[in-house]
Every structure is written in C-alpha cells, then in structure tokens.
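Below: one structure, written as structure tokens.
What follows is calculated from the coordinates using simple rules that are stated; it is not laboratory data. Note that the structure is predicted; figures quoted are calculated from it, not measured. Positions of Cβ are generated from backbone atoms using ideal geometry, with glycine treated the same way; all protein chains shown enter the neighbour counts.
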Amino acid sequence: NLVSLRSGYATGLLDARHIDGDLTLGVGRDGEPYEGIGRGVLNIAGLPVYRDQSGAAATPTSDSTRTMTSLETRRLLFIINAYDGNRAHTEAAVAYALELLRRYADTHDERVVYF
C-alpha cells in the first residue's frame with residue numbers, strides 16, 4: 001500500500017505458487033466468481049482483471065483470497081498497474097517497491113518485467 005500511496009498506482013501482491021499458468025489481463029464478466037481479501041464475494045463485471053487457468057486471480061481494486069500472500073509466501077508477484085504509460089513514474093514506483101521489499105522482506109533474485 002505504501003507504493004500505491006506514493007505513486008498513485010493500484011498495486012497487487014500475489015503468491016506465485018497459487019498462480020495457475022500464465023496471467024492475462026482482461027475485463028471482468030457478469031457473474032464471474034471472485035472473492036476479495038477481507039471483502040467477500042465481489043462483482044468484478046466491467047473491471048480490469050488478471051486471470052490464470054483457474055479464473056480471476058487479481059484486480060487492481062482488490063487482491064484475491066485464492067492468490068493472497070501469507071507468511072509462507074516465498075515467490076511473490078508484485079503488480080503495479082501503471083495504466084498512464086508514464087515510464088519514468090512507473091520506474092520510480094518499481095524502484096520504491098524493490099527498496100521496500102529488500103528492506104522489510106529480505107528479498108533477492110528479483111526480476112522486473114514491463115508490459
């Protein structure tokens with residue numbers, strides 16, 4: 001949430017072991033099942049949604065219970081939803097995220113992918 005507050009971008013954290021295959025970005029469908037962390041079942045129709053082979057895995061507005069992180073998480077996918085296309089601002093948000101992850105979560109072997 002610190003990265004989101006500083007950058008203005010919605011962020012998502014997913015436990016990579018719970019991602020089933022590749023993620024794709026699409027639009028939520030009517031009746032598509034989705035349970036947000038601490039929010040219960042949500043209507044994600046019309047919202048941006050990341051899907052894997054098992055269905056909706058994350059949205060920019062609420063992380064999913066299916067892919068949520070825990071104290072057992074060892075491989076993390078950190079999504080920064082930088083839809084404005086501002087590369088410099090996106091890179092600053094990524095740098096801040098990496099700084100926080102290294103400082104507070106002792107991360108290493110990070111890989112950054114922009115698309």
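Miscellaneous remarks
- A single member of Arg66, Arg51, Arg75 is farther than 19 Å from Arg6 by Cα and in contact (Cβ under 8 Å) with a residue 60 or more places away in the chain, and it is Arg75.
- Residue match in the stretch 5-24 (condition: surrounded by 12 or more Cβ atoms within 10 Å (Cβ to Cβ), touching a residue at least 60 places away in the same chain (Cβ under 8 Å) and basic (Lys, Arg)): yes
- Residues within the stretch 24-39 that are outside any loop (DSSP other than H, G, I, E, B) and touching a Ser or Thr at 6+ places or on another chain (Cβ under 9 Å), tallied: 2
- Val49 being within 19 Å of Phe115 (Cβ to Cβ), of a type in the set (Val, Ile, Thr), touching a Lys or Arg at 6+ places or on another chain (Cβ under 9 Å) and not in a loop (DSSP other than H, G, I, E, B): yes
- Note on the stretch 83-97: residues that are aliphatic (A, V, I, L, M) and touching a strand residue (DSSP E or B) at 6+ places or on another chain (Cβ under 9 Å) total 3.
- Whichever residue in the stretch 63-90 is more than 16 Å from the chain's Cα centre (by Cα) and part of a helix (DSSP H, G or I) and, among such residues, is surrounded by the most Cβ atoms within 10 Å (Cβ to Cβ): His89
- The lone exception for Ala58 - which of (1) crowded, with 18+ Cβ neighbours inside 10 Å; (2) over 23 Å from Glu91 (Cα atoms); (3) aliphatic (A, V, I, L, M) it fails: (2)
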